[in-house]
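The values are calculated or read from the model by the stated rules, or taken from the named source; none is laboratory data. Keep in mind the model is a prediction, meaning the values are calculated, not measured. We place every Cβ from the backbone using ideal geometry, glycine too, and count neighbours over all the protein chains shown.
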C-alpha cells in the first residue's frame, strides 16, 4: 500500500513540474516575440513629394546626388561603382515603351538603398523643387527652363529654329525612339535626359577613382 502511495505522489510531482515548465516556456515565448510596433517601424530618412513644387522621387535622387558634390556626403567611389549600373538600367527602362512602373520603382528603390541614410537625409533636407531644377538647367547652359514631365526630355536648342514641318518630324522621330520631347523650346539633346546623363557621367568618373 505504501508503495502505491509513493508512486502516486511521484507521479503527481512529475505532472505538476511538467505543467509549470509549459507555462514558463509560454511566458518566455511571449517575452521574446518582438512587438508589432517594432516590426512595422521604418529606419532612416525617406524622400517625399509632400511639399510645394516637389521634384519627383527619381529627380530628387538624381539631382540630389549632384548637389551632394563638394559636401561631406558626396558619393564615394565604392558607391559610384554600385550606383552606376542602376542608373544605366533606369535610363534604359525609361527609354522603353514597354517598361512597367513597378520595374522603375524597383530600380529606384535600389538606388535609394545604396545611398547612406545620412545622404538620403541630406537630400531630403534640400527639399528640391522643379524651380531648383529649372535653375540648374540654365546654369549648365541648357536654355530649356521648363522641367520635363516624367518620361519627357528637354528639347534640343536647335529644334526651336527648325521650320514647323521639320520640328514636328523631329518630335515624331524622338517619340518613335521612346524619347518624346516637350512642347517648349530649350537646350540639350532631344534624345537624352540631361539630368540622368550628368548623374551617369559623375558616377562613371567617380567609380574610376577606386
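With the checklist (1) assigned to a helix (DSSP H, G or I); (2) at pLDDT 95 or above; (3) farther than 20 Å from residue 208 by Cβ in hand, flag the one item residue 71 doesn't pass. Of (1) assigned to a helix (DSSP H, G or I); (2) at pLDDT 95 or above; (3) farther than 20 Å from residue 208 by Cβ, only one is false for residue 71: (1). The set of residues in segment 109-147 being at pLDDT below 95 and either in a loop (DSSP other than H, G, I, E, B) or on the phi > 0 side of the Ramachandran plot (or both) consists of 140, 141, 142, 143, 144, 145, 146, 147.
The residues on offer are 52, 39, 78, and the sole one that is in a helix (DSSP H, G or I), over 16 Å from the mean Cα position of the chain (by Cα), modelled with pLDDT of 95 or more and on the phi < 0 side of the Ramachandran plot is 78.
Quick one: in segment 95-115, of everything that is out of contact with any helix residue (DSSP H, G or I) (no Cβ under 8 Å at 6 or more places or on another chain) and in contact (Cβ under 8 Å) with a residue 40 or more places away in the chain, which residue is farthest from residue 80 (Cα to Cα)? Walk me through how you get there before you give the answer.
Initially, segment 95-115 is screened for residues out of contact with any helix residue (DSSP H, G or I) (no Cβ under 8 Å at 6 or more places or on another chain), giving 95-98, 100-102, 105-106, 109, 113.
This time we only want the ones that are in contact (Cβ under 8 Å) with a residue 40 or more places away in the chain, so: 95-97.
Numbers: 95: 22, 96: 24, 97: 28 Å.
Going through the qualifying residues, I end up with 97.
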